[in-house]
Amino acid sequence: MFDHPSFDAHEGVHVFFDEATGLRCIIAIHSTHLGPSAGGCRMWNYETGAQMLTDALRLSQGMSYKNAMAGLELGGGKAVIWGNSHTDKTPDLFRAFGRAVESLQGKYYTAEDVGIDVADIQIAGEETRYAAGREDASGDPSPVTALGVFHGLKAAAARAFGSDDLTDRKVAVQGVGSVGGHLCTHLAQAGAKLIICDVDREALTEVAKTTGAVIVQPDEIYEQDVDIFSPNALGAVINETTLDQLKAKVIAGGANNQLIIPEMGELLRRKGILYAPDYVINGGGIINVASEIRGDYSRDWVDGKLDALIATLEQVMDTALSEDVPTNIIADRIARARIGRG
Ligand code: NAD
């Protein structure tokens, strides 16, 4: 563990196994410098346990940075459950997960992420006080994530094109699930021309019907002749192969861990592509969850924090452009300083 490339001084890495329900779960706590750790739970059918561990470590470090950049009094943590979210979910599995979260006595708050919906969190919440994003409180965070991504995308467009007007701007959206779907609605309302892809035909058809988007195959999305590329599916989509294919001038999307390695930020900068760092632009969901964790959900508080988040994103992009440094490096610098690891 201590030699793992993604270890980065995690405060705790907790492994849970429950024979009765088949729960296999890792809860990684990267930092509690700013407060109790918080981050969603991901359910994914990993090929190996090693892949699962790497995902947990990278995602929880990302939550430390994200919560810091969103100005929240929360540290970074993440839970991953090994399994197929379409076939392996049972109420007992989520009760076992809830007990695992509860055993950490408030050092980690869970919520929704890929593969986990509000109903799952509601069940886990029968066993723990430390589950947020419940049906009867802040609910699904993805509409707020999408709203933050939409405003962040406009802020990036303003810097790349001299205007944040999206009328007739071509945007390629990868993944039209919870975040990508809501984002497409905002973009279409703002007059953008959408090109979308997903591996889920049903979601694609629905979004294309309501937004007039053109559908392409998943492997064709990078090479589209568009102004903006918006990744809203999974991580590591900006890599050596896709970099050569990209024609967009802006990358702004909700997916976590978009760069396969941090050095991709410099390669994007050299190619003249403005990258809105993922953990800054996608902080809206955790802001929504944080309002519930504070004990008294308030949409006004959430909107105020969202405005501050976009101002932080603008600061990151302006500093990066004036210093000729990649945006992800500037964001990391600010985030690490805020969590006392500068
Ligand atoms: P989701 O599961 O609802 O949507 C993801 C979509 O991506 C699905 O429709 C899926 O079919 C599609 N997809 C999977 N593989 C694909 C591929 N190869 N090509 C194209 N599409 C593919 O998840 P979500 O909640 O919308 O989250 C999307 C991303 O945003 C994730 O990286 C997540 O970690 C991140 N994120 C989500 C939130 C939130 O509030 N939900 C907050 C911050 C970050």
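Sorted by average packing, counted as other Cβ atoms within 10 angstrom per residue and highest first, what order do 165-177, 282-294 take?
Sorting 165-177, 282-294 by mean packing, highest first, produces 282-294, 165-177.
May I ask you to compute the full-extension gain from residue 4 to residue 247, defined as 0.36 nm times their residue separation minus their alpha-carbon distance, rounded to one decimal in nm?
84.0 nm
At most 16 other Cβ atoms within 10 Å and a DSSP loop assignment: could you name the GluC sites (Glu not before Pro) in segment 114-176 that fit?
Passing both the DSSP loop test and the Cβ count: 126, 135.
In nm, to one decimal, how far is the modelled label at residue 45 from the one at residue 263, with both set 7 Å along Cα→Cβ?
About 3.4 nm separates the two model spin labels.
Of the heavy-atom accessible surface of segment 142-283 (probe 1.4 angstrom), what whole percent is carbon and sulfur?
On the way: 2850 of 5660 Å².
Solvent-exposed carbon and sulfur of segment 142-283 make up 50 percent of the total.
Mind checking which lysines have their Cα closer than 19 Å to the Cα of residue 247? Skip sequence neighbours fewer than 8 apart in that chain.
Those lysines meeting the cut-off are 154, 170, 193, 271.
Who wins for biggest fluctuation among 156, 233, 137 in a Gaussian network model of the chain, springs between alpha carbons below 10 Å?
Fluctuation is largest for 137.
Could the peptides 306-318, 252-264 be put in order, highest first, of the mean number of other beta-carbon atoms found within 10 Å of their residues?
Ranking, from highest mean packing down: 252-264, 306-318.
For segment 180-301, what is the accessible area per residue in Å² when the probe is 1.4 Å?
Value for segment 180-301: 43 Å² per residue.
Rounded to the nearest whole Å², what accessible area per residue is found for segment 12-124 with the 1.4 Å probe?
37 Å²
Going by average Cβ neighbours within 10 Å, how do the peptides 52-58, 72-78 rank, with the highest at the top?
Top to bottom by mean Cβ count within 10 Å: 72-78, 52-58.
Leaving out ligands, DNA and RNA but keeping every protein chain, what accessible area does residue 147 have, in Å² rounded to the nearest 10, with a 1.4 Å probe?
Result for residue 147: roughly 40 Å² accessible.
Tell me, what % of the accessible area of segment 1-120 is carbon and sulfur with a 1.4 angstrom probe?
With neighbouring chains kept in place, the figure for segment 1-120 is 51 percent.
Looking at 237, 306, 147, which one has the Cα that reaches farthest to the positive end of the dipole of the chain (charges on Cβ: Lys, Arg +1; Asp, Glu -1)?
The residue sitting most towards the positive pole is 306.
The values are calculated or read from the model by the stated rules, or taken from the named source; none is laboratory data. The structure presented is a predicted model; accordingly, all values stated were derived computationally and were not measured. Every residue, glycine among them, receives a Cβ derived from its backbone with ideal geometry; neighbour counts consider all protein chains shown. For accessibility, only protein heavy atoms count, side chains too; no ligands or nucleic acids. Shrake-Rupley method; radii C 1.70, N 1.55, O 1.52, S 1.80 Å.
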